1. Starting from the amide H of TRP55, placed 1.01 Å from N in the peptide plane, find each other amide H under 5 Å away whose residue is 5 or more places distant or on another chain.
2. Show me, for the stretch 100-107, the HN-Hα J-couplings you get by feeding each phi into the Karplus relation (A = 6.51, B = -1.76, C = 1.60, θ = phi - 60°), rounded to Hz, glycine and proline as x.
3. Using θ = phi - 60° and the Karplus form 6.51 cos²θ - 1.76 cosθ + 1.60, what ³J(HN,Hα) does each residue of the stretch 140-146 get, whole Hz, x for Gly and Pro?
4. Listed here are the pairs LYS13/LYS93; LYS32/LYS97; LYS120/LYS186; LYS32/LYS74; which of them are more than 19 Å apart at the Cα?
5. Can you give me the long-range amide H partners of ARG166? Hydrogens built in the peptide plane at 1.01 Å from N, cutoff under 5 Å, separation of 5 or more residues or another chain.
6. Within the P(r) computed for the chain, what percentage of the Cα pairs occupies the region above 28 Å?
7. Using θ = phi - 60° and the Karplus relation 6.51 cos²θ - 1.76 cosθ + 1.60, list the HN-Hα couplings for the stretch 158-167 in order, rounded to whole Hz, with x at every Gly or Pro.
8. How many percent of the accessible area of the chain is carbon or sulfur, using a 1.4 Å probe?
Amino acid sequence: MNYFAITDPETIKATHARFKSALQTGIGPIEKCKLGFRGGNDATDIYWHKDQGLWYGYQRTLSHHWNAFGSSRKEPRPESPLNVICEINVPLKGRDKSIQGVFVTDRTDGGNVYIAHQGKLTITARKVRDIPFMDWVRAQPLSENYLIDILWDEGTPEQAQAILVRELSDPLFLDRIKAFVLMANKYKGEVQGVTHKTHR
């Protein structure tokens with residue numbers, strides 16, 4: 001398949017609205033939960049999916065859509081801090097190599113739109129193994145099933161590898177988001193030499 005990155009600001013805006021809707025529809029927010037992330041924490045409304053044990057928090061910054069994910073078997077409470085396992089952030093426009101999320105489209109399957117991750121995860125705690133996330137993913141069994149090549153600019157195409165998370169309208173979208181969160185959590189545990197609790 002040929003995957004092309006979506007970089008037009010209006011298309012990103014509309015696509016992200018679909019992405020966010022898929023993560024929020026059918027459930028109400030748990031307001032002002034304390035989310036821990038690199039450099040501090042913030043009060044953010046989250047959406048908790050009981051069946052997946054998955055929660056999602058969103059904020060719009062000046063440069064990107066901040067999409068934070070974590071895991072909780074029990075319904076989160078605003079007074080109990082939550083640890084962000086991973087983020088799939090998307091720039092508001094164009095390409096920002098410091099922002100890892102990207103929407104891609106495959107023109108051979110009717111123009112379906114997917115969310116993908118470019119394979120950099122920040123580890124804030126002490127590392128015992130210095131292995132980049134993308135290298136770790138490549139070493140996993142069946143990694144060829146979800147690693148893709150994407151093209152960034154049709155005029156002067158630049159190809160890069162990314163982790164395909166899921167097509168936005170797929171009925172298993174939430175399960176695949178959770179699978180990515182589990183993958184990120186396992187990686188973080190291995191490079192830090194500890195085991196993080198993530199609910200399946």
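The values are calculated or read from the model by the stated rules, or taken from the named source; none is laboratory data. The structure presented is a predicted model; accordingly, all values stated were derived computationally and were not measured. Backbone-built Cβ (ideal geometry, glycine too); neighbour counts: all protein chains shown. With ligands, DNA and RNA removed, areas are computed over all heavy atoms of the protein, side chains included. Shrake-Rupley method; radii C 1.70, N 1.55, O 1.52, S 1.80 Å.
1. HIS49, GLY70, SER71, SER72
2. Result, rounded to whole Hz: 8, x, 7, 8, 10, 10, 10, 6.
3. So the J values, rounded to whole Hz, are 7, x, 6, 4, 5, 6, 9.
4. LYS32/LYS97
5. Excluding prolines and chain starts, which carry no amide H, the hits are ILE115.
6. Of all Cα-Cα pairs in the chain, 24 percent lie more than 28 Å apart.
7. 10, 9, 9, 8, 8, 9, 7, 8, 5, 6
8. Ligands and nucleic acids excluded, carbon and sulfur give 47 percent.
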